[in-house]
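The values are calculated or read from the model by the stated rules, or taken from the named source; none is laboratory data. All values reported here derive from a predicted model rather than from experimental measurement. Note that each Cβ is placed from the backbone with ideal geometry, even for glycine, and that neighbours are counted across all protein chains shown. Surface accessibility is based on the protein's heavy atoms, side chains included, excluding ligands, DNA and RNA. Shrake-Rupley method; radii C 1.70, N 1.55, O 1.52, S 1.80 Å.
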Amino acid sequence: MVEEENIRVVRCGGSELNFRRAVFSADSKYIFCVSGDFVKVYSTVTEECVHILHGHRNLVTGIQLNPNNHLQLYSCSLDGTIKLWDYIDGILIKTFIVGCKLHALFTLAQAEDSVFVIVNKEKPDIFQLVSVKLSKSSSQEVEAKELSFVLDYINQSPKCIAFGNEGVYVAAVREFYLSVYFFKKKTTSRFTLSSSRNKKHAKNNFTCVACHPTEDCIASGHMDGKIRLWRNFYDDKKYTYTCLHWHHDMVMDLAFSVTGTSLLSGGRESVLVEWRDATEKNKEFLPRLGATIEHISVSPAGDLFCTSHSDNKIIIIHRNLEASAVIQGLVKDRSIFTGLMIDPRTKALVLNGKPGHLQFYSLQNDKQLYNLDIIQQEYINDYGLIQIELTKAAFGCFGNWLATVEQRQEKETELELQMKLWMYNKKTQGFILNTKINMPHEDCITALCFCNAEKSEQPTLVTASKDGYFKVWILTDDSDIYKKAVGWTCDFVGSYHKYQATNCCFSEDGSLLAVSFEEIVTIWDSVTWELKCTFCQRAGKIRHLCFGRLTCSKYLLGATENGILCCWNLLSCALEWNAKLNVRVMEPDPNSENIAAISQSSVGSDLFVFKPSEPRPLYIQKGISREEVQWGVFVPRDVPESFTSEAYQWLNRSQFYFLTKSQSLLTFSTKSPEEKLTPTSKQLLAEESLPTTPFYFILGKHRQQQDEKLNETLENELVQLPLTENIPAISELLHTPAHVLPSAAFLCSMFVNSLLLSKETKSAKEIPEDVDMEEEKESEDSDEENDFTEKVQDTSNTGLGEDIIHQLSKSEEKELRKFRKIDYSWIAAL
Amino acid sequence: MAGYKPVAIQTYPILGEKITQDTLYWNNYKTPVQIKEFGAVSKVDFSPQPPYNYAVTASSRIHIYGRYSQEPIKTFSRFKDTAYCATFRQDGRLLVAGSEDGGVQLFDISGRAPLRQFEGHTKAVHTVDFTADKYHVVSGADDYTVKLWDIPNSKEILTFKEHSDYVRCGCASKLNPDLFITGSYDHTVKMFDARTSESVLSVEHGQPVESVLLFPSGGLLVSAGGRYVKVWDMLKGGQLLVSLKNHHKTVTCLCLSSSGQRLLSGSLDRKVKVYSTTSYKVVHSFDYAASILSLALAHEDETIVVGMTNGILSVKHRKSEAKKESLPRRRRPAYRTFIKGKNYMKQRDDILINRPAKKHLELYDRDLKHFRISKHFLKNHPTCTIKTPEITVSIIKELNRRGVLANALAGRDEKEISHVLNFLIRNLSQPRFAPVLINAAEIIIDIYLPVIGQSPVVDKKFLLLQGLVEKEIDYQRELLETLGMMDMLFATMRRKEGTSVLGHTSDGFPENKKIES
């Protein structure tokens, strides 16, 4: 048994990708973006995350390629360090300790041994641009305290600083001022816009700036949507500017293409505008990018652009304005109405995503799986518009059904309400709209739940609404002689003295339905829809309601607004116990009797885990978060943990995730987050991230052979490590198309055996035998496999690698190879 | 990236009968032609050969009508008493009929006098038919007997005396010249084989059998009697396949559609029902003015002829399809433009790159896509706004969602604003459109209040709208009163329980009152 550490609250993925501009590698193969305390390296072709650069202790605030070495990357962080990385291997090369909070980073090819950073030294809101001299000493950690001041009183955002014309000057904007500092002359020019005194120009403050790479031209974006192009700014009096106006709202970011022939701009309209030759007439658009464009960046090779969006995604766009890849993180743009849910099929976390969408987010891979468009209407991104909001969603019948509620309320009386029911289609592997119900209730729907009992023959859904009714919807047969169809209809409408229905909940076996009407809880028989009994505690409106599970299924729990947690016994119809607890979140664990409750106090949030049968909590953790916790959910574990300590047993079969008000997704863990990612999966990613195009088949083969010839000489000296890539069984398995492979059941044991490290050492007798067989095979196999067998022979001398390689029995190997030969013979003929 | 999403047009359930392929097919007939006969029309039979004339048996006459003629093209009236069951031979050249006096007469279509007279029945002969080999006639009579006659020498070949009551219906197999079935008032349907001297199969219908029908394959038998239509599987030895009870009076006649996919039954309850022969569900039903005695379908279902007890013959012809083509068609691109490049076969090494299919957008969607908000619904064809108000309402809703409804409605001239007002007047009182349109009406009143009184046309429309709103408010008040009364009744009737289970409809739109200003 491993020693158990304390349970800590850890951040689990879903960090922002759009905090700063993304940076392309020199060959446009990779794109880097800051993500919380890490820097992530993505492939621009496959959208896969290739590396995560760990090392900073605080938020990373800026990244730049090393202008002197394109295989290195600088990053700066609020922890006061600048780090230099080798991004191909994901290795930290050097750390420069500056000592104060760094807010942005800039590099210049001309200034070889220094970088520019934004710091705030004295007052909290006064920021300075300084250059930091980086010493060339070879040690891992270097002090870099040599700061030379460049510009004062600037904006904190790196969007407001730009270096232009090969580092001749730097432009900075703030409010109504544009200041340009010339490095050679060491002078600053300042230009002021007619400010807020004039009502016409009330909203023309600067928002961002960009400099032409080769000419003396500065582009600045403004609040009112205008872009100004400044020229002749060497002279304080003779300067000119021209206006480009298309955006109707704030210009969020600007970028010049590498050659400077076109200017890219973006804003809340979520349209990328390309201004050709800096004229108003020649514009090109890439519309409907989904959300506000926050940042635009251009690859050094000039073939790709990328836009970062407010919904936490990066879109990689080709030079001809065609989106080619989307890197999507957990969407955190908007408030979460649906709460956290778990899709029973994919075990993905489901919550509000892009406007009008539900996002399915894989917690294991920290990656968005897909977006389900619920509202299916054109999204108009405009300030002050009342949008249709997806307010409720629920999964039912083991993921076969999904119910969603959307509403839009402009005025008190004008409520638009729609309920949609989606059926999972096995063929298309997605949800398909089955039934659309207009105005299912007269007022907002407060709760939605499916009957998830295993034996229930008819899917049942209950909606509770502020109009004082709860409705039971059932699936009915709607087929006629022309087609088979199912649809949902209302089966029963219930109410209790016209009180607002606030919560509903089915018992585990589906026999009872609990509906809370403000202060009163009513229990209904789900077969006859008769009112069985009522509970009332006179302790404020019921906020949460849930039944106990498994051995505690005779208990019903309710949390009220006045901070009382009640537990009723359904057999005796009496209050079992109550406790004073201001419960914000109450979630039952689907795999055990445990119930997690998060309470809110002025200091922070506390977690209580308890069983309904005993009022004494199993586990208490104080101060899990300083903010208010909004939602929580238990996620069943794939592999159960085995904590023996009683306090941690509740984490054995499920993991608890919760979302705070600032939308950070947190969980409880005893391990550090790095350990969670399995190393094998990462390696596979790196190898498999190359696309297999027809060109790869033709050219890649030649190159491989050449490479291997080169490697052979090296390999003789090197000791081969038992890497997974080198095991032939695995590569055979991965490169053979699935449709020609034998059944998985047949391959499984063979495959797993090949991965095992055998303890026993081979007797000397065995080795020659093996070699014999190899030779035998060599004669019968085509030349395609020759290089492989050679390698085996090479490594058999080295001793360390042989154990693994020889694990695979010869006959199995032959069989696998046969499959491969059948399929790829035509390529050899090319 | 994601393309433009078209405006979601709200669909509303269509009240009344569901529109299916069958309703479309069976409603695609012209208004019926009514022909008055001398007495109740007991049998209608179509000639199986072109020009598909039909013989109508009514009272003591047999009339033969052409397809579109309303006057008989031929009449056989040499009957002393009522004639029954005039039936064509398969080649359409001979006609046989029974009569009340027990005689069976065979006519040539071109002649007038009977070719043969088969004497032997002692009572009225209600059913006659030709066998599949065309040289024999089967007849059933009220003397409980079934007889088989030879045409060339007009002799009786066989007599079956197995029925114990009137034999009122029958038909011969179309495949086997020796097989025929009869239905009788003794509640049985019997199948006879001319090669043996007794029945080979007998099924119990349960009611006096009024009509029998064999499927073209001979495998299924349909019998009608009482309120039931029953289908029997002959290949399983007369097992009951399905029993249909869709009429509420005696079913008198049966008929198959030409494709064999649909079964029709006529009844004294003045209805003809159409069943699917795969699921035996009613897919359509026709109404007639009087009780139906006979029913026939022409070749390819071109004509439905129904004879009724009051002597009226109702003839419905199918609408011709060619008529729709008469509209002047716009010149379309040539066929080759559409198939250009489509017929290229993929070679072995080719890589197929699909271009995303261009989505077709409606006019209003194209305008909305480009934010041309004030063009939208007035550009819609006026008939279109009348026929499909839900599209216009959906566009108004979409504009409201985008926050530009006021901009779209402002700045209209007299003609345009009266268009909008016309639309409002027509649709404002419909509960499904009311919430959206009331909002639009409010905006219009707000915008155009300062200029009121400048145009008599628009003023009139405003007054009309006001009247409508007042009427609607009165109506709502009445409804609320009624609802109150109903609530009281429910309250007194309800058992003593703490809960109320009411399924009353929503109380409409009280917001109406706001427009009054």
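Note on B:Lys174 and A:Ile474: their simple-model spin labels are 4.5 nm apart, each label 7 Å out from Cα toward Cβ. Across peptide B:4-15, the mean count of Cβ atoms from other chains lying within 10 Å of each residue's own Cβ comes to 2.
For the stretch B:21-317, what class follows from the C-alpha gyration tensor (a ≥ b ≥ c being the square roots of its eigenvalues): rounded when a/c is under 1.5, otherwise prolate if a/b is larger than b/c, else oblate?
It comes out oblate by the Cα gyration axes.
Evaluate the distance, in nm, between pseudo-label points positioned 7 Å from the Cα of A:Glu175 and of B:Asp150 along their respective Cα→Cβ axes. Going from the A:Glu175 label point to the B:Asp150 one covers 12.4 nm. Residues of the stretch A:470-503 that become at least 50 Å² less accessible with every protein chain present than in their own chain isolated, using 1.4 Å: which are they? For the stretch A:470-503, once contacts with the other chains are taken into account, A:Ile481, A:Tyr482 lose 50 Å² or more.
Note on the stretch A:164-272: Lys pairs 8 or more places apart or on different chains, Cα atoms under 22 Å apart, count 10. Each peptide in B:306-314, B:287-295, A:289-297, B:106-114 receives the mean, over its residues, of other Cβ atoms within 10 Å, and ordering these scores from highest gives A:289-297, B:306-314, B:287-295, B:106-114. Stretching B:Leu363 away from B:Tyr135 to a fully extended chain increases their span by 75.3 nm, per 0.36 nm per residue minus the current alpha-carbon distance. Taking packing as the residue-averaged number of other Cβ atoms within 10 angstrom, the listed peptides B:38-46, B:13-21, B:341-349, B:64-72 run from highest to lowest as B:38-46, B:64-72, B:13-21, B:341-349. Just check the stretch B:132-239 against the gyration tensor rule for me: Cα atoms, a ≥ b ≥ c as the square roots of the eigenvalues, rounded for a/c under 1.5, and otherwise prolate or oblate depending on whether a/b exceeds b/c. Note, shape of the stretch B:132-239 comes out oblate. Across the stretch B:458-463, coupling constants 3J(HN,Hα) worked out from phi with the 6.51/-1.76/1.60 Karplus curve, θ = phi - 60°, read 5, 4, 4, 5, 4, 5 Hz, and Gly and Pro carry x. Just to confirm my numbers, what's the Cα centroid distance between the stretch B:68-115 and the stretch A:8-57 in Å? Their Cα centres are 94 Å away from one another. Take the stretch B:189-302 with all the other protein chains still there, run a 1.4 Å probe, and you get 40 Å² of accessible area per residue.
With 40 Å² as the minimum drop in accessible area between chain alone and full protein complex (1.4 Å probe), the qualifying residues in the stretch A:275-303 are A:Arg288.
In this structure, the pairs whose alpha-carbon distance is over 28 Å, taken from A:Lys420/B:Lys18; A:Lys40/A:Lys420; A:Lys332/B:Lys358, are A:Lys40/A:Lys420; A:Lys332/B:Lys358.
Note on B:Asp446 and B:Glu416: the extension gain reaches 9.1 nm, defined as 0.36 nm multiplied by sequence separation minus the Cα-Cα distance. Highest mean packing first, where packing is the average number of other Cβ atoms within 10 Å per residue, the peptides A:426-436, B:270-280, B:393-403 line up as B:393-403, B:270-280, A:426-436. Relative intensity of chain B on a log10 scale, I(q)/I(0) at q = 0.06, 0.07, 0.08 Å⁻¹, equals -0.52, -0.66, -0.76, per a Debye sum over C-alpha point scatterers of equal strength in the absence of solvent. Summed over both chains, the area buried between B and A is near 3000 Å², taken from the accessible surface of protein heavy atoms with a 1.4 Å probe. Residues whose amide H comes within less than 5 Å of that of B:Val242, counting only those at least five positions distant or on another chain, are B:Val231 (H built at 1.01 Å from N in the peptide plane). If you sort the three axes of the alpha carbon gyration tensor as a ≥ b ≥ c, you get a/c of 1.5 or more for the stretch A:537-672 and a/b no higher than b/c, which makes it oblate. As a calculated quantity, the FRET efficiency between A:Gln458 and A:Asn320 at R0 = 45 Å, using C-beta atoms, amounts to about 0.25.
A simple spin-label model places the labels of A:Met423 and A:Phe149 7.3 nm from each other, with each point 7 Å out along Cα-to-Cβ.
For the stretch B:363-472, the number of Lys pairs with C-alpha atoms closer than 17 Å, counting only pairs eight or more positions apart or on separate chains, is 11.
Extension gain, A:Cys444 to A:Asp491, is 15.0 nm, computed as 0.36 nm per intervening residue step minus the present C-alpha separation.
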